[in-house]
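The values are calculated or read from the model by the stated rules, or taken from the named source; none is laboratory data. Here the structure is a predicted model, which means the values were calculated and not measured. Every residue, glycine among them, receives a Cβ derived from its backbone with ideal geometry; neighbour counts consider all protein chains shown. SASA here: full protein model, heavy atoms, side chains in, ligands and nucleic acids out. Shrake-Rupley method; radii C 1.70, N 1.55, O 1.52, S 1.80 Å.
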Amino acid sequence: MAFSFMLDANVADAAAVKKTVSSASGKKSVAHKAARKDVNATRLEEVTVTARRRSERIERTPISMTTVTGTQFTERGITSLAKIQDMAPNISFGNVASNSGVANAAAVFIRGIGQTDFSFGVDPGVGMYVDGVYVGSPVGAVLNMVDIANVSVLRGPQGTLFGRNTIGGAVSVSSLTPNSQLSAKADVKYGTADRINGRVFFNVPLSKTLFANFSAGSFMQDGYVHAPNQKNQRELGNQDTQVYKGALRWHPIDKLNVTLRGDWTRDRSNGAPYVTTGVNPDATGSMIALNNAMHGGTLLNCPGAGCYNSSYFSKNTNYGSQPDYSNLTSWSTSGTVDYELSQYFDLKSITAYRKTVGAFAQDRDSSPIGINYVTDHYLEKQFSEEFQVNGHALSNRLHYSAGVYYFAQSGADVNPTEFYVESLQSGGYFKDKNYAAYAQETYNITKKLTFTAGVRYTEDNKTFTPDQYITKVIGAPIVSTPVGTRIVPYQSYHNNNARWTPMINLSYQFTPELMGYTTFSQGFKGGGFTQRLTNITNAPPSFRPESVNTFEGGLKFYGLNHRLRISAAGFFTFYDDVQLLVSDATHIGPYYTNAGKAHISGFELEGQYALGDGWTVSGSVGETDAHYTSLTASVQGLGLNSMFVLVSKWTANAGVSKRIDLGQYGSLTPRVDATYRSRYNANLNAIMYNTLIQPKYITVNMSARWVSANQKYNAMVGLDNASNEKFMAWGSYSGSFGNYQKSFDRGRQWYIQGGVAF
């Protein structure tokens, strides 16, 4: 049995009433202040963030954000970053099979803006940051919790304080920082389908000025989608992931911190858990026409052997005969130097490198007929450098932050693709260089009134070299294109853009407990290319940048003797030149385009309340009302009433816990958490609305956690998705082949877990 350990930085009492949590890595990353261990505590923990590059209480930070600590994840038995969507409003964090079967690719949406495809030709709509470093590719971004200090979700455009511009929002992950305390913690979890999760974390002071930590994790679980025609009759949807992380911090003097980090991840899977659930009998794609002509009739949805019909439709079985797999290896290293020149002025440098190598394959028709088989050979490298200056002046009335940023990304995604009548190679090679400069200042006009302004300049230069040609013709003479014919000329194509984006914020502290704010911000996402091509063309289709203008207002309250915390925000976004991945009968495979304009409005409401006698309740509700206001004439299968992809209008969660004092036997904390999502669309084109819309659903998680009186030992039992909701996590429709692909949640899962701390 493989197992490993995990530690939360300062192994503090889980009932601690006061904590300090930073949303950025570095010397101010996380500090848990010990508090009285009264299980009947009636005050909420204090939460301090550095979302604006300085320490502030979260209820006095004029930003719509959610921060979840590593301890809070542990208390809920959560080991995957994707579960952040169950703890924050107006966010969707999915793991989608995309168009090639990769089993670890993040599809993140905040307030209706995001991306479902990992293609290098388009930037993510939501930025992912790990210890202050932007992660350029969604591949491998569904992180497993090994040494997480906290995770912050920031909603709306983020550009005047972040190295890489992000249009929809940001998910910022902070790892535990080495400190002077010798400590360790371990846990191992066993559950449904031979699930074995193990984690280990050690923190070691090497000297008075040098500290190190190391963590490792193993995450294993059997699959749940049967694949009887695969070799060894494998099951899809399994997990086989190994994670190793380490950090070294040098603190020779009070003013200087140097932190080096490294990590290595290996992910091996039998393949994404997808199935085919049906065929559209009215599909008229060009490949269908060729198939019909070759067979003197219909191939799709016909009776008899050799036909693609209902005998291959299922919700738990994939009948594909060609191998599905998802293999991924990634590693990264970073160095952060933080030097305090004076009490008024601080310099920081963040240097990082990351490399990801993967191979993915998917039998997209889920049948032994061999209609469509796609393979990806994936390589991505990124280097980034960011310099920051942070400080304050004018008797602490003025706070400022500025920075310059460089990002270089390169690699390849080569896609050998087999169709029923021909085979080809798609994809190619890419380079992306991004330059930026940003600044933001906050001025306290009075003790209650504060004004903040920021601006960013971004240059984004993308280069795509397609390596795409016909490799095999099976349907001759129906298909007469010679082998070796280039689908697109083999040369480099460029897509360069630059933009200024401002931000203005005004906040007012009405009372010591209540603060209000209003914000205007702009964001933009650079243009790009469609990576996967199958029709012969003179140049790869490209698209322009998209942009947003967002207005936001909010209130934050922390009172009732520190027992109640509430935050509320409303927003309205003008969304222009929306980049969409669409598919229709005139294209084999999806393609990107600037589809038109949209309006997105909504709100978030979050709250926590310490009832006393060990009871605590929390919850949130969010609304995202997104609709298109105009569409370009070239977009087919999409109307003004079409739903946004993977975006629910309503999201909500609620939790209640009760800590029970067992005296010398420690404490027991049972808890129940429920999550609600209204219906959402899994694909763009209106033709499959009745098939690829997931109805509303509610999931309920239940657990009970025991902690010993000396805090050294803990045990937990839990039941996730107790209602056994097998909702559609991902869906796709092929306009050329007429089939519907879906990936469903595993459903109800149980687990037991034990841990020890030193």
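Descriptive notes on the structure:
- Of the criteria (1) open to solvent by 20 Å² or more (accessible area, probe 1.4 Å); (2) over 30 Å from Asp363 (Cα atoms); (3) assigned to a strand (DSSP E or B), which one Val200 fails: (1)
- Complete set of residues in region 705-726 that are in contact with a Lys or Arg (Cβ under 8 Å, 6 or more places away or on another chain), open to solvent by 30 Å² or more (accessible area, probe 1.4 Å) and either hydrophobic (A, V, I, L, M, F, W, C) or part of a strand (DSSP E or B) (or both): Ala715, Leu719, Asp720
- Which numbered condition Phe211 fails, given (1) without any contact (Cβ under 8 Å) to a residue 60 or more places away in the chain; (2) not in a strand (DSSP E or B); (3) not basic (Lys, Arg): (2)
- Those residues of region 663-696 which are modelled with pLDDT of 85 or more and over 25 Å from the mean Cα position of the chain (by Cα), in sequence order: Gly663, Gln664, Tyr665, Gly666, Ser667, Leu668, Thr669, Pro670, Arg671
- Taking residues in region 74-103 that are within 18 Å of Met702 (Cα to Cα) and in a strand (DSSP E or B), and partners anywhere that are of a type in the set (S, T, N, Q) and at pLDDT 80 or above, the pairs with Cβ atoms closer than 9 Å and at least 6 places apart or on different chains are Ser80/Asn144.
- Criterion (over 26 Å from Gly554 (Cβ atoms) and surrounded by fewer than 16 Cβ atoms within 10 Å (Cβ to Cβ)) met by exactly one of Pro482, Pro502, Pro466: Pro482
- Of residues in region 649-672 being assigned to a loop (DSSP other than H, G, I, E, B) and open to solvent by 30 Å² or more (accessible area, probe 1.4 Å), the one farthest from Gln72 (Cα to Cα): Lys649
- Residue check for Gly132: modelled with pLDDT of 90 or more and out of contact with any Asp or Glu (no Cβ under 6 Å at 6 or more places or on another chain): yes
- Filter pass, Tyr490 being in contact with an Asp or Glu (Cβ under 9 Å, 6 or more places away or on another chain) and part of a loop (DSSP other than H, G, I, E, B): yes
- Considered as a group, the residues in region 54-71 that are of a type in the set (A, V, I, L, M) and more than 9 Å from Asn150 (Cβ to Cβ) include one that is surrounded by the most Cβ atoms within 10 Å (Cβ to Cβ), and that residue is Ile63.
- Just one residue in the set Phe407, Phe313, Phe383 is under 22 Å from the mean Cα position of the chain (by Cα) and surrounded by 18 or more Cβ atoms within 10 Å (Cβ to Cβ); that residue is Phe407.
- Filtered residue count, region 412-424, keeping only those that are in contact with a Phe, Trp or Tyr (Cβ under 6 Å, 6 or more places away or on another chain) and open to solvent by 10 Å² or more (accessible area, probe 1.4 Å): 2
- For region 79-103, residues that are open to solvent by 10 Å² or more (accessible area, probe 1.4 Å) and either touching a Leu at 6+ places or on another chain (Cβ under 6 Å) or not polar (S, T, N, Q) (or both) total 7.
- Every listed requirement among (1) part of a strand (DSSP E or B); (2) over 29 Å from Val717 (Cβ atoms) is met by Gln181 save one, (1).
- Scanning region 435-454 for residues that are in contact (Cβ under 8 Å) with a residue 24 or more places away in the chain and either open to solvent by 60 Å² or more (accessible area, probe 1.4 Å) or among the aromatic types (Phe, Trp, Tyr) (or both) yields a total of 6.
- Residue match in region 61-69 (condition: in contact with a Phe, Trp or Tyr (Cβ under 9 Å, 6 or more places away or on another chain) and assigned to a helix (DSSP H, G or I)): no
- In region 705-733, the residues that are of a type in the set (Val, Ile, Thr) form Cβ pairs under 8 Å with partners that are modelled with pLDDT under 95, at six or more places apart or across chains, as follows: Val707/Ala14.
Here is a yes/no grid of residues against (1) surrounded by fewer than 24 Cβ atoms within 10 Å (Cβ to Cβ); (2) part of a loop (DSSP other than H, G, I, E, B); (3) touching a residue at least 12 places away in the same chain (Cβ under 8 Å):
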{"site": "Phe109", "(1), (2), (3)": "no, no, yes"}
{"site": "Asp117", "(1), (2), (3)": "yes, yes, yes"}
{"site": "Ala149", "(1), (2), (3)": "yes, no, yes"}
{"site": "Ser152", "(1), (2), (3)": "no, no, yes"}
{"site": "Ala170", "(1), (2), (3)": "no, no, yes"}
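- Search result, residues across region 71-106 that are more than 24 Å from Leu581 (Cβ to Cβ) and among the polar types (S, T, N, Q): Thr71, Gln72, Thr74, Thr79, Ser80
- When His399, His377 are checked against the criterion of being surrounded by fewer than 17 Cβ atoms within 10 Å (Cβ to Cβ) and in contact with a strand residue (DSSP E or B) (Cβ under 7 Å, 6 or more places away or on another chain), His377 stands alone in meeting it.
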